[in-house]
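Here's the structure we're looking at; comments come further down.
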Amino acid sequence: MAFRVAILGCGTVGGGVACILLEQRESLRVKAGDEIELATVVDLFPAQAAERHGVPRDLFAGDGDELTPDEANAEVDRVLADDSIDLVVETIGGSGEGIVRITRSALESGKHLVTANKALLALHGEELHAAARAAGKSIGYEASVTAAIPIIRGLTDGLTGEDIQSISGIFNGTSNFILSQMASEGQSFEDALADAQARGYAEADPTLDINGGDAGHKLTILLRLVFGLDVAYADLPRQGIDTVTAGEVDFANEMGGVIKLICFGQREGDAVYATVRPMIVKRGNLLSKIDGATNAVRIVGRYAGENVMIGQGAGSLETGSAIVSDIVFLARYGGHPMPERPTSGLKLRPLGELELPYNIVFETADVPGITGIVATAIGKQDINIDSVSHNRHGSDNAEFAIATMPCTRTQIDRAVADIQENHPGSLLSEPRVLPILV
Ligand code: HSE
């Protein structure tokens with residue numbers, strides 16, 4: 001008996017899955033120990049999808065070139081009611097009620113579920129995992145976090161002997177591409193974004209790429225897996241790259257680093273400090289070398305030390321490859337669902353409480369003594385200065401950066417408040433503060 005797979009949604013990712021299942025049929029049979037049969041594909045535009053991905057039209061459900069939404073829904077319901085289907089691949093996308101219903105029904109009707117849908121899992125993961133548990137089925141979500149990088153299985157099957165202390169990484173290719181272009185080509189934010197969209201890295205609505213939402217969905221999933229942290233996506237502090245200026249990129253370079261949109265989670269006792277935000281990554285850290293749309297995950301464990309995985313976090317065949325790996329895994333081991341990581345009781349704490357090195361860019365009046373005033377205020381808060389940049393003298397202002405030794409954000413805020421109170425008019429704008437990842 002073959003292991004029968006249905007794909008719901010044959011866009012960029014679903015098409016990549018269909019393509020690999022057909023192209024690698026023989027080798028997948030050997031790896032899975034069973035024939036993996038692509039039983040059916042449901043899509044609103046079967047003719048177009050068939051041609052785009054080289055999938056025979058007769059594998060698609062329904063008649064004609066296009067299905068109406070009602071016809072497509074009826075075909076989805078037919079798949080869900082079909083007991084001969086072992087596994088449903090959800091590549092429709094979205095996180096609304098419709099997709100929650102479909103994915104929950106797939107599990108409740110006794111099918112494994114495989115999805116790349118990070119928003120769905122970040123927002124409704126608990127509910128879907130509970131449905132999977134009740135049905136004795138599994139959810140494969142390798143593709144949902146950094147697509148082709150096998151980080152989920154790396155954590156659930158590879159690093160099981162580890163006591164993981166921190167996880168950090170670049171989980172959004174669009175942001176990384178934009179920041180790389182700004183740093184290496186001097187491109188403006190807007191031009192780099194247009195370029196990322198033209199290359200197909202960005203989501204249909206790039207807002208979530210730019211504001212840290214997409215990376216936040218992925219970090220939410222990993223925080224649950226790594227730390228058993230019961231964190232709601234909405235509670236995860238996020239800051240996107242839309243606030244990063246060309247000046248900050250330049251100062252980061254002078255201070256020996258590069259700005260990246262970093263997903264970060266670090267455990268200290270019973271706290272996990274986690275955030276998605278731009279940080280300066282020092283050149284000695286491998287994450288600083290990850291350019292373009294490439295993703296990377298860095299895990300630091302008590303015993304294994306540092307592990308870094310680098311790969312493609314988007315794309316049709318890249319994401320399809322991760323989905324197919326879940327299909328093979330579930331065809332082999334699906335009868336024994338993985339035990340889930342229970343909620344650990346660890347608490348999410350604000351990053352500002354964690355001692356980190358920071359880079360602070362000051363815009364000041366261009367007058368003698370100003371660097372001393374700023375440095376003295378920083379010293380008064382018991383912050384040790386690591387280095388001070390050159391001054392950039394404008395027509396009526398000056399900008400310079402101070403990199404600190406590890407301190408808390410609260411100490412920095414107090415130093416800034418001290419300058420504003422005791423030397424009014426010397427700071428011309430709110431200082432720009434970025435944590436430094438060493
Ligand atoms: N749009 C995402 C990125 C890929 O730019 O990395 C899918 O999550």
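Placing a label point 7 Å from the Cα of T243 along the Cα-to-Cβ line, the residues of the stretch 413-432 whose backbone N sits under 15 Å from it are 413, 429-432.
Beyond a 26 Å Cα-Cα separation, which of these cross-linked pairs lie in this structure: K218/K260; K111/K218; K118/K347; K218/K282; K111/K347?
Exceeds cut-off: K111/K347.
Per-residue extension of 0.36 nm, minus the Cα-Cα distance of E254 and D58, leaves a gain of 64.7 nm for this segment.
Convert 4 °C to kelvin, take the viscosity as 1.567 mPa s, use the Kirkwood radius over C-alpha pairs of the stretch 355-437 as Rh, and evaluate the Stokes-Einstein diffusion coefficient in µm²/s, rounded to a whole number. The Stokes-Einstein estimate is 103 µm²/s.
Each Cα pair under 8 Å and six or more residues apart adds its sequence gap; the mean of these over the residue count of the chain is a relative contact order of 16 percent. Charge dipole (Cα centre; +1 on Lys/Arg Cβ, -1 on Asp/Glu Cβ; no other charges) of the stretch 3-141 amounts to roughly 600 debye.
Which order do peptides 366-378, 271-283 fall in by mean Cβ count within 10 Å, highest first?
Values: 366-378: 15.6, 271-283: 22.4.
For the peptides 366-378, 271-283, the packing ranking is 271-283, 366-378.
The calculated FRET efficiency for E430 paired with Q197, based on their beta-carbon distance and R0 = 35 Å, is about 0.70.
For the chain, the longest principal axis of the Cα atoms and the long axis of helix 370-380 meet at an angle of about 70 degrees.
With a 1.4 Å probe and all protein chains left in place, how much of the accessible area of the chain comes from carbon and sulfur atoms, in whole percent? Don't skip to the end; give the middle numbers.
Details: 9080 of 18500 Å².
Roughly 49 percent, rounded to a whole number.
For the stretch 17-133, the relative contact order comes to 17 percent (Cα pairs under 8 Å, sequence separation of at least 6). Spin-label model, E26/D83: points 7 Å from Cα along the beta carbon direction are separated by 3.5 nm. For the chain, find the longest principal axis of its Cα atoms and tell me its angle to the long axis of helix 213-227, 0 to 90°, nearest 10. So the inclination is approximately 80 degrees.
A simple spin-label model places pseudo-atoms 7 Å from Cα toward Cβ; at N391 and E51 they are separated by 6.6 nm.
Stokes-Einstein diffusion for the stretch 158-247, with the hydrodynamic radius set to the Kirkwood value over Cα pairs and evaluated at 37 °C in a medium of 0.692 mPa s, equals 227 µm²/s.
Once the Cα gyration tensor of the stretch 3-141 is found, what semi-axes does its equivalent ellipsoid get, as square roots of 5 times the eigenvalues, in whole Å, sorted largest first? Write down the numbers at each step before the final one.
On the way: eigenvalues 98, 70, 36 Å².
That gives 22, 19, 13 Å for the three semi-axes.
Using 0.36 nm times the number of residues separating E108 and D70, minus their current alpha carbon distance, what extension gain do you get?
On the way: separation 38, 0.36 × 38 = 13.68 nm, distance 2.20 nm.
Separation in residues times 0.36 nm, less the Cα-Cα distance, equals 11.5 nm.
Ranked highest first by average number of other Cβ atoms within 10 Å, how do 95-103, 386-394 line up? Walk me through the numbers on the way to the answer.
Details: 95-103: 16.3, 386-394: 14.1.
Going by the mean number of other Cβ atoms within 10 Å, highest first, we get 95-103, 386-394.
Per residue, how large is the accessible surface of the chain? Use a 1.4 angstrom probe and give square angstrom.
Working: 18500 Å² over 438 residues.
Heavy-atom accessible area per residue stands at 42 Å².
Got the relative contact order for the stretch 15-68 handy, in percent, Cα pairs under 8 Å and 6 or more residues apart? Don't skip to the end; give the middle numbers.
On the way: 62 pairs, mean separation 19.3, N = 54.
Once normalised by length, the contact order is 36 percent.
When peptides 190-201, 284-295 are sorted by average Cβ neighbour count within 10 Å, with the highest value leading, the order is 284-295, 190-201. Please work out the FRET efficiency for the pair D413 and A134, using the Cβ-Cβ distance as r and a Förster radius of 45 Å; give the result to the nearest 0.05. With R0 = 45 Å, the Cβ-Cβ based efficiency is 0.40.
Applied to the stretch 38-50, the Karplus parametrisation 6.51 cos²θ - 1.76 cosθ + 1.60 on θ = phi - 60° returns per-residue 3J(HN,Hα) values of 6, 7, 6, 10, 10, 8, 5, 10, x, 5, 5, 5, 4 Hz, with x for Gly and Pro. With a cut-off of 17 Å on the backbone N, the residues of the stretch 188-232 near the modelled label site 7 Å out from T160 along Cα-Cβ are 225-228. Beta bridges per DSSP, both residues in the chain: antiparallel share near 65 percent.
The values are calculated or read from the model by the stated rules, or taken from the named source; none is laboratory data. Note that the coordinates shown come from a computational prediction; the quantities given were computed from them, not determined experimentally. Neighbour counts are summed over all protein chains in view; Cβ atoms, including those assigned to glycine, are modelled from backbone coordinates with ideal geometry. Accessible surface areas use protein heavy atoms only, side chains included; no ligands, DNA or RNA. Shrake-Rupley method; radii C 1.70, N 1.55, O 1.52, S 1.80 Å.
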